[in-house]
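Right, one structure below, let's go through it.
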Amino acid sequence: MKIIMLGAPGAGKGTQAKMIADKYGVPHISTGDIFRANIKNGTELGMEAKKYMDQGLLVPDELTVKILLDRVANDDCKNGYVLDGFPRTIPQAEVLDNALNELGDKIDFAINVDVPDENIINRMSGRRACLSCGATYHIEHIPPKAEGICDRCGKELILRDDDKPETVKNRLGVYHEQTQPLIDFYEKKGVLKSVDGTIPMEDVFQAIVNILGE
Ligand code: AMP
């Protein structure tokens with residue numbers, strides 16, 4: 001099962017993607033996580049990506065597409081995957097589509113987690129992330145057991161630079177301009193399913209399970 005998560009930054013698609021990956025036993029692939037891991041390890045790719053990420057801009061397609069295609073070529077992707085944060089532009093979607101076509105394959109579902117802009121800025125300023133293990137929290141909705149400390153690995157939680165309010169505004173602008181057109185793109189392919197992302201996280205997940213099947 002090959003699934004794409006669509007939605008504005010902060011819509012909760014990462015949380016849902018992880019839950020889908022757990023339930024259906026497919027890898028959760030987040031291009032944002034791959035970039036952050038590269039930044040943490042000080043790789044050349046990481047240094048290049050950081051220049052864009054810190055401003056709320058998209059990393060250029062050439063860089064992003066290559067890391068994604070390399071990742072989905074791994075053995076663990078044979079039975080499918082859930083993509084979180086890719087594609088984010090029409091050219092990225094086309095490259096993925098062509099790569100899958102060549103294999104006689106296709107995306108099964110593009111799930112749009114729909115949340116109005118008004119809710120987004122509020123949500124993102126409450127997000128906290130663990131740079132060590134990648135776990136994510138929200139100070140109101142998914143608080144860690146001890147404030148500021150990761151439940152999973154005990155390291156300090158931070159507000160990512162790209163979740164700061166001024167960066168979030170840029171990211172929303174970029175989303176509307178470059179990523180939202182993907183909703184039409186996948187609608188035309190007949191694989192788009194939208195879920196209301198404003199309801200509690202467990203209910204969003206149930207709506208997704210209803211779409212994907214038990
Ligand atoms: P995310 O964790 O998915 O919100 O991604 C964080 C940041 O990484 C984004 O704001 C972009 O700067 C960059 N990024 C992640 N995925 C992509 C992508 N598919 N195309 C371009 N930039 C991306």
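Which FRET efficiency value, to the nearest 0.05, do you get for Glu177 and Asn98 by plugging their Cβ-Cβ distance into 1/(1 + (r/R0)^6) with R0 = 25 Å? Could you put the intermediate results ahead of the total?
On the way: r = 23 Å, r/R0 = 0.93.
Working from the Cβ atoms, E equals 0.60.
Which length gain, in nm to one decimal place, applies between Asn74 and Glu140 when the Cα-Cα distance is subtracted from 0.36 nm times their residue separation? Mind dumping the intermediate values first?
Values: separation 66, 0.36 × 66 = 23.76 nm, distance 3.66 nm.
Using 0.36 nm per residue and subtracting the Cα-Cα distance, I get 20.1 nm.
Kindly identify the stretch 110-214 as rounded, prolate or oblate by the Cα gyration tensor criterion: order the square roots of the eigenvalues as a ≥ b ≥ c, call it rounded if a/c is under 1.5, otherwise compare a/b with b/c, prolate if a/b is larger, else oblate. Write down the numbers at each step before the final one.
Numbers: a/c = 2.30, a/b = 1.45, b/c = 1.59.
Note, shape of the stretch 110-214 comes out oblate.
If I measure Cβ to Cβ between cysteines in the chain, which ones have no partner under 4.7 Å?
For the chain, the answer is Cys77, because their Cβ atoms have no other cysteine Cβ under 4.7 Å.
Can you give the FRET efficiency to the nearest 0.05 for Cys133 and Asp203, using r as the Cβ-Cβ distance and R₀ = 22 Å?
Values: r = 27 Å, r/R0 = 1.22.
Computed FRET efficiency for Cys133 and Asp203 comes out at 0.25.
Compute the distance in nm between two label points, each set 7 Å from the Cα along the Cα-to-Cβ direction, one at Gln55 and one at Tyr24.
3.6 nm
Less than 12 Å apart at the alpha-carbon level, and either on another chain or at least 8 residues along: which aspartates and glutamates does that give for Lys78?
Of all the aspartates and glutamates, those that pass the test against Lys78 - Cα under 12 Å, at least 8 places apart if same chain - are Asp105.
How long is the chain along each principal axis, judged by its Cα atoms, biggest number first, in Å?
48, 40, 33
In nm, to one decimal, how far is the modelled label at Lys188 from the one at Glu44, with both set 7 Å along Cα→Cβ?
Label at Lys188, label at Glu44, 3.6 nm between them.
What Kirkwood hydrodynamic radius, in Å, does the stretch 1-93 give when the mean of 1/r is taken over all pairs of distinct Cα atoms and then inverted? If you can, show how the numbers build up before the last one.
Values: mean 1/r = 0.0732 Å⁻¹.
For the stretch 1-93, inverting the mean 1/r across all distinct Cα pairs yields 13.7 Å.
By its C-alpha gyration tensor, with a ≥ b ≥ c as the square roots of the eigenvalues, how is the stretch 170-214 shaped: rounded for a/c under 1.5, else prolate for a/b larger than b/c, else oblate?
On the way: a/c = 4.08, a/b = 1.41, b/c = 2.90.
It comes out oblate by the Cα gyration axes.
For the stretch 1-106, give the percent of accessible area contributed by carbon and sulfur heavy atoms, probe 1.4 Å, rounded to a whole number.
Working: 2510 of 4870 Å².
On the stretch 1-106, the fraction of accessible area on carbon and sulfur atoms equals 52 percent.
What number comes out for accessible area per residue over the chain if the probe is 1.4 Å? Units Å², please.
Details: 10880 Å² over 214 residues.
Using a 1.4 Å probe on heavy atoms only, each residue of the chain averages 51 Å².
Kindly point out which whole DSSP H helices in the chain project their C-alpha atoms 15 angstrom or further along the helix axis while averaging a Kyte-Doolittle hydropathy of -0.5 or above. Numbers along the way, then the final one.
Details: long enough: 13-24 (16 Å, -0.92); 61-72 (16 Å, 0.39); 90-102 (18 Å, -0.21); 201-212 (16 Å, 1.14).
Sorted by number, the helices that extend far enough and score high enough are 61-72, 90-102, 201-212.
The values are calculated or read from the model by the stated rules, or taken from the named source; none is laboratory data. Model, not experiment: these values are computed from the prediction. Cβ atoms come from the backbone with ideal geometry, glycine included; neighbour counts cover every protein chain shown. To get the accessible areas, we keep the full protein, side chains included, count just its heavy atoms, and leave off ligands, DNA and RNA. Shrake-Rupley method; radii C 1.70, N 1.55, O 1.52, S 1.80 Å.
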